[in-house]
1. At a Förster radius of 22 Å, what calculated FRET efficiency corresponds to the Cβ-Cβ distance of residue 84 and residue 104, to the nearest 0.05?
2. How much length, in nm to one decimal, is gained on full extension between residue 206 and residue 64, taken as 0.36 nm per residue of separation minus their Cα-Cα distance?
3. Please list the non-local residues whose amide H lies under 5 Å from the amide H of residue 85, H modeled 1.01 Å from N, same-chain partners needing a gap of 5 or more.
4. Using modelled amide H (1.01 Å from N, peptide plane; none on Pro or chain starts), what sits under 5 Å from the amide H of residue 216, excluding residues fewer than 5 places away?
5. Hey, rough spin-label estimate for residue 92 and residue 72, points 7 angstrom out along Cα→Cβ, what's it come to in nanometres?
6. Which FRET efficiency value, to the nearest 0.05, is calculated for residue 169 and residue 41 with the Förster distance at 25 angstrom and r the Cβ-Cβ distance?
7. So, in nm, how far is label residue 116 from label residue 255 when the simple model puts each one 7 Å beyond its Cα toward the Cβ?
8. Report the gain in length on full extension from residue 196 to residue 127: 0.36 nm times residue separation, minus Cα-Cα distance, nm rounded to one decimal.
Amino acid sequence: MTAQADLEGPEAAAPEFEPTTSALHPGSVLGKAHLLLGAFASGVTCLGLTELSRRSGVPKATAHRLGSELVRLGYLARTAKGYQLGWRIFELGQLVPGPASLRTVARPALLDLRAVTQAVIHLAVPQGTDCVYLERLAGRREAALVSLVGSRVPGLLTASGRLFLAYGDDEKAVLAAPAPATTDGTPAFGPSDVPALRAEFDQIRTRRWAEERERCVPGFKTFAVPIVYFGSDHVIAAVSATVPVERRDDQQLVYALWATAADISRGLHRGAVVPRPDPGSHVPAAG
């Protein structure tokens, strides 16, 4: 299931657009600029003009012209090796109301959780059937276990992602679609695994936590619990903890995660701006 790289998990590979596919060439300048910026979605930090054109599907001459304009506006930066995302992208990203509020409210509770558990801590939100990380806390020795903040991973590959799928309305679509590949290149599940996945989702909803053991990072396991709106059952995020698989305090970790999730939920309730809930994601009342 996961790993938030999750340790949590493997980073989702960005689709490579075929230049011959006309459907991926919007007529508007804004649409083409969107494709250029989206070429960096796989996590690659620098792209030459030829590679930028290939990944985005935007013709090379147009990519050069729009790339120069995006550099001038600060959305891209030009280096000796090619283009990279510009500082303006970062600045605007920090101002997105939902994630910005959630990170601000959650960070003190996450720091406490990190201090108490000495685990790798992640804060994640659902995006469709994917899982996106907003925050991570880890030490230098654990750096290799952590995915980039802002990285987007197929839900089935992370503990937090499976949690979101269990509470969402996309279970049928996810199980009917081609399975994403795990870190070793094998599918995350096959046709024979579908009944087991459905049973797992039922179990997650019943116990209110999800787990992953060594399926993404050998030697490590991850536990994730939902963060809900205070006084409601709408899931808006997940907090997870990743530890060596030999640790034997699983229940204590889950209790600590629940306490942290409740603390964050109360903090969001006190704040003026909170993430918008997904009506399709809910958890049963605790009890």
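Nothing in this text is a laboratory measurement; each read-out follows from the coordinates by a stated rule. What you see is a predicted model; the values in this text were computed from it and never measured. As a convention, Cβ positions derive from the backbone with ideal geometry for all residues, glycine included, and neighbour counts pool all protein chains shown.
1. 0.20
2. Contour length minus Cα-Cα distance gives 45.8 nm.
3. Distant-sequence amide H within range of residue 85: 77.
4. none
5. 1.7 nm
6. In this case the efficiency is close to 0.55.
7. Those two pseudo-labels are separated by 1.0 nm.
8. Residue separation times 0.36 nm, minus the Cα-Cα distance, leaves 22.5 nm.
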